[in-house]
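Asker: One structure follows; several queries about it will come next.
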Amino acid sequence: MFSSTSSLDEAGDVVRHSWVLHNFALPACAVLPLWWKFLQTLRQAKDSGRHWPHLGNSFKYLTAALVIFYAMAHPEGRRGKVWIASFLVTMMYQVWWDVVMDWELLVVVPRSAQASQPPLSEDARWCRCCWTPVTSLPGSSFVLIPIHRYILQPCHRLYTFLASNKTTLRPKRLYARDAFYWRVLAYNVCFRFIWMLSFIPAYHFSHTGQEVPTLSIDFRTYVGAVISVAELIRRCLWCVIKVELETIKVTDTEREYEPLLVGQE
């Protein structure tokens, strides 16, 4: 492939047009870490004997690998709305996993009794008939009963839950400013998609040797450098919140065992 007299430009041209590199080596390097993490979480579920949260974590890596692998095998212009929807759903699941499972950053707490029962408006009083029990409807209402049971009642339960509870930061935190956590959360949501895009190569080669672009972002320009730095910052912030949570857990555990240690002394 290379000779002793090959220049850097010739070597770069060979690497750029290498069919094996862009069709096998780079896709394997992108997917294998996700596959190993998937197998690792499955092994954790088997060793611990608990399906949750290990299977949920494995599902995160599996869906990411499938979305990325599909993007590798199809040109950018041929990915339909299904792939875009899958990408967005996968990204939302990853964000939820970061915030709720890895960071345990948000908790649902009940509102005050006065706030959970706001005064009903005229429209709300008029619509209260929608929440009447199913048993009070006429028996011949073959259309009303399914609508009431599967649409109106679930919506009412969701409204009641949202009205009587609120989402806030977990009470135990090490950083004084709440704005720091909300900014990290917003940054993680905005740049979480970069984690998946970073696995997709810029192009691959068809069986005829033609270059097929798979990602319009040119990582050889300053755009690629900015994206890499943004992903690095996101990972650092993720580690900061994760280490904070583990520190809180270790501290609470030491406080639980402190009376026992004092008694032994």
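Values quoted throughout were computed directly from the atomic coordinates according to the rules given, and no laboratory measurement underlies them. What you see is a predicted model; the values in this text were computed from it and never measured. Here the Cβ is made from the backbone with ideal geometry for all residues, glycine too, and neighbour counts use every protein chain on show.
Asker: In a shell of Cβ-Cβ distance under 14 Å around Arg177, excluding Arg177 itself, what net charge do Lys and Arg (+1) and Asp and Glu (-1) give? Could the numbers behind the result be given before it?
Answerer: On the way: positive: Arg173, Arg183; negative: Asp178, Glu244.
Once all neighbours under 14 Å are counted, the net charge is 0.
Asker: For the cross-link pairs Lys81/Lys242; Lys37/Lys242; Lys60/Lys81; Lys46/Lys249; Lys37/Lys172; Lys37/Lys166, which exceed 27 Å when the distance is taken from alpha carbon to alpha carbon?
Answerer: On the way: Lys81/Lys242 34 Å; Lys37/Lys242 18 Å; Lys60/Lys81 21 Å; Lys46/Lys249 24 Å; Lys37/Lys172 30 Å; Lys37/Lys166 34 Å.
Where the Cα-Cα span goes over 27 Å, the pairs concerned are Lys81/Lys242; Lys37/Lys172; Lys37/Lys166.
Asker: Fully extended, how many nm does the chain gain between Val229 and Val243 (0.36 nm per residue separation, minus their Cα-Cα distance)? Intermediate values should be presented prior to the final figure.
Answerer: Values: separation 14, 0.36 × 14 = 5.04 nm, distance 2.10 nm.
So the extension gain works out to 2.9 nm.
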